[in-house]
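These notes concern the structure reproduced below.
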Amino acid sequence: MIKAEGVEKAFGSTRALAGVDLTVDSGTVLALLGRNGAGKTTFVRILATLLAPDAGRIQVAGVDVVHDAKTVRSLIGLAGQFAAVDETLSGRENLVLVGRLYGLPRREARARASEVLERLGLGDAGDRLVRTYSGGMRRRLDLGASLVGRPLVLIMDEPSTGLDPRSRIELWSLIDDFIKAGTTLLLTTQYLEEADRLADRVAVIERGRLIAAGTPDDLKQRIGGDVLEVRATSASDVERLVNLLTGLGAGLPVADMRAQCVTLPTSERVQTLLAAARRIEESGIPVADLGVRRPSLDDVFLTLTGAGGAATKRPEPRLRPVPGEPSLEPAPNARRVGS
Ligand SMILES: Nc1ncnc2c1ncn2[C@@H]1O[C@H](COP(=O)(O)OP(=O)(O)O)[C@@H](O)[C@H]1O
Ligand SMILES: [Mg+2]
């Protein structure tokens with residue numbers, strides 16, 4: 001449904017995209033995962049015909065985004081990081097307006113607006129001015145605007161960035177509904193948990209290049225085996241623990257300064273755990289926790305980018321699942337202790 005080949009874009013001397021190839025199959029969800037400035041929005045803007053690439057090409061359902069931008073626009077729906085809705089109108093009026101911009105007759109635009117409001121749980125709030133909406137409601141309305149044209153492909157640029165925890169959970173369950181309905185979705189995110197939770201396939205972008213792609217499980221398997229994790233009691237001990245653990249396990253230790261953790265890939269769980277425990281005890285460095293667990297997407301990202309804790313953002317504050325809501329925990333191993 002989406003096919004990108006060798007997409008390049010520079011802004012002055014900044015190479016925002018340095019040759020990106022990716023494909024998204026019909027009815028699947030791809031998460032383009034990367035930190036701030038990685039090139040996600042630039043890719044989305046080219047895909048959505050809002051920006052011309054310097055080189056390469058993107059096709060949506062076989063239609064070229066540069067040569068036939070108009071057709072592509074009729075196939076896609078775009079929801080952005082910043083809600084693009086008019087505050088001085090009601091939610092319903094916003095959606096009818098979008099429908100009219102799509103060229104729908106007034107009756108049809110009204111019918112679709114009502115349908116979308118219901119679907120997004122905004123039925124009761126539909127006739128209130130958007131000015132009175134919460135952040136989560138605005139984001140849902142923005143998403144609604146991208147649905148009015150019944151797009152074949154939905155594109156969401158950092159849909160949950162800036163949302164409070166409850167709105168994020170609501171948004172995820174809404175996205176689940178689109179997924180069940182068979183929508184093809186490309187979403188960008190800085191949140192590993194979001195990619196893990198929603199995507200069939202994840203493409204990791206860093207400085208305008210894809211550095212890895214696969215299913216969340218594929219990516220986790222790249223780590224090979226398990227992960228030993230040590231949590232320090234203070235940030236100043238993290239470096240010492242890295243030095244202490246170097247040479248153990250099946251690779252180099254990685255520090256996560258934010259979580260005050262050091263992780264180490266291992267294929268010999270018990271041996272590595274015992275050896276690490278011995279070294280830690282002899283060194284006298286106090287630790288808050290020590291254990292071996294399955295790898296998470298966090299580990300993949302840290303290993304791929306070789307960076308410390310600043311590499312990724314996680315939803316904050318730490319959340320407990322709300323009773324009756326879908327669990328926030330994508331997998332038992334996907335959240336780092338103490339993060
Ligand atoms: N219009 C622009 N003019 C100049 N530089 C830009 C522009 N848009 C993006 N960039 C730069 O391109 C790089 C990628 O940006 P962007 O695609 O917005 O990343 P992301 O969405 O992953 O945070 C960044 O270094 C950013 O500063
Ligand atoms: Mg962006």
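Points to keep in mind about this one:
- For segment 109-140, a residue qualifies if it is within 20 Å of the chain's Cα centre (by Cα) and open to solvent by less than 20 Å² (accessible area, probe 1.4 Å), and exactly one does: GLY136.
- Residue in segment 148-169 that is away from ligand 2 (no atom under 16 Å from the Cβ), buried (at least 20 other Cβ atoms within 10 Å of the Cβ) and without any contact (Cβ under 8 Å) to a residue 40 or more places away in the chain present: no
- Test: GLU87 is assigned to a loop (DSSP other than H, G, I, E, B), more than 16 Å from ligand 1 (Cβ to nearest atom) and more than 23 Å from the chain's Cα centre (by Cα): yes
- Every pair of residues 6+ apart whose Cβ atoms lie under 6 Å, when the first sits in segment 5-26 and is without any contact (Cβ under 8 Å) to a residue 40 or more places away in the chain while the second is more than 16 Å from ligand 2 (Cβ to nearest atom): THR23/LYS3
- Within segment 51-61, the set of residues being assigned to a loop (DSSP other than H, G, I, E, B), within 15 Å of ALA16 (Cβ to Cβ) and away from ligand 2 (no atom under 13 Å from the Cβ) comprises ALA52, PRO53, ASP54.
- Scanning segment 233-246 for residues that are part of a loop (DSSP other than H, G, I, E, B) and open to solvent by 70 Å² or more (accessible area, probe 1.4 Å) returns a single hit, THR233.
- Top-ranked residue in segment 9-40 [being among the small types (Gly, Ala, Ser) and in a strand (DSSP E or B); ranked as farthest from ligand 1 (Cβ to nearest atom)]: GLY19
- Filter pass, ALA79 being within 16 Å of ligand 1 (Cβ to nearest atom), at pLDDT below 95, closer than 14 Å to VAL153 by Cα and open to solvent by less than 20 Å² (accessible area, probe 1.4 Å): yes
- Pairs with Cβ under 7 Å, 6+ apart, first in segment 207-231 and among the small types (Gly, Ala, Ser), second in a helix (DSSP H, G or I): ALA212/LEU219; ALA212/LEU304
- Considering segment 41-60, and only residues there that are open to solvent by less than 10 Å² (accessible area, probe 1.4 Å) and within 13 Å of ligand 1 (Cβ to nearest atom), the residue that is farthest from ILE205 (Cα to Cα) turns out to be ALA48.
- Each residue in segment 177-211 was checked for being part of a helix (DSSP H, G or I) and either open to solvent by less than 40 Å² (accessible area, probe 1.4 Å) or out of contact with any Pro (no Cβ under 9 Å at 6 or more places or on another chain) (or both), and 10 of them qualify.
- One residue stands out among those in segment 266-311 that are open to solvent by 50 Å² or more (accessible area, probe 1.4 Å), touching a Gly at 6+ places or on another chain (Cβ under 9 Å) and assigned to a helix (DSSP H, G or I): the one that is modelled with the highest pLDDT, which is LEU273.
- Identity of the residue in segment 106-145, touching a Ser or Thr at 6+ places or on another chain (Cβ under 9 Å) and assigned to a helix (DSSP H, G or I), that ends up nearest to ILE175 (Cα to Cα): ARG140
- Members of segment 1-38 found to be farther than 21 Å from PRO216 by Cβ and open to solvent by less than 70 Å² (accessible area, probe 1.4 Å), listed by number: GLU5, GLY6, VAL7, GLU8, LYS9, ALA10, ALA16, LEU17, ALA18, GLY19
The values are calculated or read from the model by the stated rules, or taken from the named source; none is laboratory data. This one's a predicted model, so the numbers in the text were calculated from it and none came from an experiment. Every residue, glycine as well, gets a Cβ built from its backbone with ideal geometry; the counts of neighbours run over all protein chains shown. All accessible areas refer to the heavy atoms of the entire protein, side chains included, with ligands and DNA or RNA removed. Shrake-Rupley method; radii C 1.70, N 1.55, O 1.52, S 1.80 Å.
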